[in-house]
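*Asks:* Got a structure for you, questions after.
The values are calculated or read from the model by the stated rules, or taken from the named source; none is laboratory data. If you're wondering where the values come from, they're calculated on a predicted model, not measured in any experiment. We place every Cβ from the backbone using ideal geometry, glycine too, and count neighbours over all the protein chains shown. SASA here: full protein model, heavy atoms, side chains in, ligands and nucleic acids out. Shrake-Rupley method; radii C 1.70, N 1.55, O 1.52, S 1.80 Å.
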Amino acid sequence: LKPGNSLSFNFLVNINDNAKLELLKLPLIIDYKTIDSIIGSTMNREVNVEITGRSFLKITSNIQTFSPNQSNDLELIITNEGTRRTGSVDFSINIPSPLSLLGSDNKWKFNSLSAYGSLTLHTSLFAQISTAGQTFQLICNMFYRS
């Protein structure tokens, strides 16, 4: 970092599930050191984090068994079981081969989900006849910002 320039960065704070809904004052300590191990000034600041509620996203599906050699309509229900509205949510589903996704993309994006609210995503999967009796795992990924 050159003199006169600034640097910004994001960091995650792991907050205990039982933490009170309040303003937390967290210490942020940055030790400055160059690649030549020259030690510079230490910055010690307090960061305020307001806990106003929690978002907790849960996903369920309408079916657990697919019928082979036909289209299987799949509904994925995403529920916010928390006490706070989420930010924007990016959702994706990974379909293992030889299952095939029909008529839609495997990615969705939505602006937010209110506390205790839910939404349903619709897609269809095709299972070949050779998949009869086999077990497959669908992997869902969610990323959301506050």
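*Asks:* On the basis of being outside any loop (DSSP other than H, G, I, E, B), open to solvent by 70 Å² or more (accessible area, probe 1.4 Å) and of a type in the set (A, V, I, L, M, F, W, C), does I29 make the cut?
*Replies:* Yes: the conditions hold for I29.
*Asks:* Inspect all residues belonging to region 33-43 and state whether any of them is at pLDDT 85 or above and either small (G, A, S) or surrounded by 10 or more Cβ atoms within 10 Å (Cβ to Cβ) (or both).
*Replies:* no
*Asks:* Every residue in region 1-26 that is open to solvent by 100 Å² or more (accessible area, probe 1.4 Å) and part of a strand (DSSP E or B), please.
*Replies:* K25
*Asks:* Next question. Can you report the number of residues in region 65-115 which are aromatic (F, W, Y), touching a residue at least 40 places away in the same chain (Cβ under 8 Å) and open to solvent by less than 40 Å² (accessible area, probe 1.4 Å)?
*Replies:* So the count comes out to 1.
*Asks:* Filter region 89-146 down to the residues that are part of a loop (DSSP other than H, G, I, E, B) and among the aromatic types (F, W, Y), then identify the one that is nearest to the chain's Cα centre (by Cα).
*Replies:* Here the residue is Y116.
*Asks:* Here's a follow-up. If you go through region 78-112, how many residues are over 28 Å from G133 (Cα atoms) and among the hydroxyl-bearing types (S, T, Y)?
*Replies:* Qualifying residue count, region 78-112: 5.
*Asks:* Hey, among F110, F126, F136, which residue is more than 21 Å from R84 (Cα to Cα) and at pLDDT 90 or above?
*Replies:* Testing whether each residue is more than 21 Å from R84 (Cα to Cα) and at pLDDT 90 or above leaves just F126.
*Asks:* Search region 10-32 for residues that are free of Cβ contacts under 8 Å to residues at least 24 places away in the same chain and pair each with any residue that is part of a loop (DSSP other than H, G, I, E, B) when their beta-carbon atoms are under 7 Å apart and the residues are at least 6 apart or on different chains.
*Replies:* Listed by first residue and then by second, the contacts come to L26/V13.
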